[in-house]
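What follows is a set of notes on a single structure, which appears directly below.
The values are calculated or read from the model by the stated rules, or taken from the named source; none is laboratory data. This structure is a prediction, so every number in the text was calculated from the model and none was measured. Note that each Cβ is placed from the backbone with ideal geometry, even for glycine, and that neighbours are counted across all protein chains shown. Surface areas here come from the heavy atoms of the whole protein model, side chains and all, with no ligands, DNA or RNA. Shrake-Rupley method; radii C 1.70, N 1.55, O 1.52, S 1.80 Å.
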Amino acid sequence: MKKKVSVMGTGTMGTGIVHMLVVSDYEVVWLAHSSGSVAGAVEGIRKSLDKALGKKVISRDDASMAMGRVSATTDYREMEGSEAIIEAVTESEAMKMEVLKNADRYRGSAIIATNTSSISITRLAAAILDKEAFLGMHFFNPVPVMKPIEMIVTEYTSGETERRALGIADACGKTVIKVKDYPGFVANNILMQMLNEAVVLLEKGVAEKEGIDKIVRLGLNHPMGPLELADFIGLDVCKDISDSIYRATKDERFKTPELINRLVESGKLGRKSGEGFYSYRQRDTYDV
Ligand code: 3HC
């Protein structure tokens, strides 16, 4: 029988996780919150597979077979019979708790993983009746390309759950790194300090946005500068993560800079909205 995994959430990360699974031969039930988002999800995964096709990472036949393995729905019952359920909805504790509780009703023997980037896995475990079956699997954007997964187990997570999660990561060609349940885990702890600091330098006028990005790309050899990376992740997502770490730690380094708050308030969310630090309508150039 084909292996089945369910994914909840149709944003950037949900789409990337679905892409990773279907090119690795998993059948995917993809839960969206409305019929409108079902249509958007199907369009999103098609675009993502097209991108991989354009980059010659997969063949046309593989892309169309992968597309055939996705079934998008708003009905939680379709998740029954999955070997795992991966939650990747908005970075809001209340929303995650709600969808995790709903998913738990149809879990059967599936393990449940959350892709939260900053919320306590131990707190989210309260949504699951059998906490043994729950853990954190934090993916990186773009999921089809980025190798690592931060794996976070709680004091309740069973060895069997961990082994099954590792099996899926392995089948998808990912590298798992185990980390503690700590605000922002490892990656976002380091990353959010860097992104916030870059924004503060911009606010202080130490350099222009292009200059800051160019220095980091050329001088530190990062594939993207911090401001273009923040636009790529989504400024609303950066704000949610930073706010969440700040709430948990009260560490000033995670206080979201005013400029990000203002951009988010005015709907400038980065690449996905067409504008953030840069404009993607008539794309500002940040090429070297
Ligand atoms: N399959 C599907 N999509 C692909 C792809 C593939 N094989 N390869 C690239 N893409 C997508 C990218 O997501 C991006 O999508 P968009 O146009 O919709 O924004 C687009 O193709 C960009 O591709 P380009 O051809 O312009 O660029 P490259 O392929 O040369 O490199 C990159 C793109 C891999 C994103 C590279 O610039 C990079 O490594 N950047 C840094 C990424 C990074 O740091 N990610 C971690 C973010 S932190 C995180 O995710 C944690 C979270 O909690 C915030």
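Values computed for the structure shown
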item	result
Restricting the range 213-247 to residues that are touching a residue at least 40 places away in the same chain (Cβ under 8 Å) and more than 20 Å from the chain's Cα centre (by Cα), the residue that is nearest to the ligand (Cβ to nearest atom)	Arg217
Some residue of the range 156-177 being over 26 Å from Ser109 (Cβ atoms) and within 16 Å of the ligand (Cβ to nearest atom)	yes
Evaluation of Thr122 against (1) within 16 Å of the ligand (Cβ to nearest atom); (2) of a type in the set (Val, Ile, Thr); (3) closer than 25 Å to Tyr76 by Cα (one fails), failing number	(1)
Helices (runs of 4 or more DSSP H) (entirely within the range 113-219) containing at least 2 residues that are open to solvent by less than 20 Å² (accessible area, probe 1.4 Å) and aliphatic (A, V, I, L, M)	121-124, 159-171, 187-203
Tally of residues being farther than 30 Å from Ile190 by Cβ and either open to solvent by less than 10 Å² (accessible area, probe 1.4 Å) or hydroxyl-bearing (Ser, Thr, Tyr) (or both) across the range 99-112	4
Residue check for Ala72: more than 16 Å from the ligand (Cβ to nearest atom), assigned by TED's automatic domain parsing to the domain that holds Ile119, over 19 Å from Ala165 (Cβ atoms) and open to solvent by less than 40 Å² (accessible area, probe 1.4 Å)	yes
Single residue of the range 248-272 satisfying the filter (within 12 Å of the ligand (Cβ to nearest atom) and assigned to a helix (DSSP H, G or I)) that is most open to solvent (accessible area, probe 1.4 Å)	Lys272
Filter pass, Ala63 being more than 17 Å from Asn141 (Cβ to Cβ) and within 16 Å of the ligand (Cβ to nearest atom)	yes
Test: residue in the range 134-153 that is more than 23 Å from Ile245 (Cβ to Cβ) and more than 16 Å from the ligand (Cβ to nearest atom)	no
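To keep it simple, each residue is scored yes or no on (1) in contact (Cβ under 8 Å) with a residue 60 or more places away in the chain; (2) over 21 Å from Asn115 (Cα atoms); (3) open to solvent by 40 Å² or more (accessible area, probe 1.4 Å).
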{"position": "Thr12", "(1), (2), (3)": "yes, no, yes"}
{"position": "Val29", "(1), (2), (3)": "no, no, no"}
{"position": "Gly40", "(1), (2), (3)": "no, no, yes"}
{"position": "Lys47", "(1), (2), (3)": "no, yes, yes"}
{"position": "Ile58", "(1), (2), (3)": "no, yes, no"}
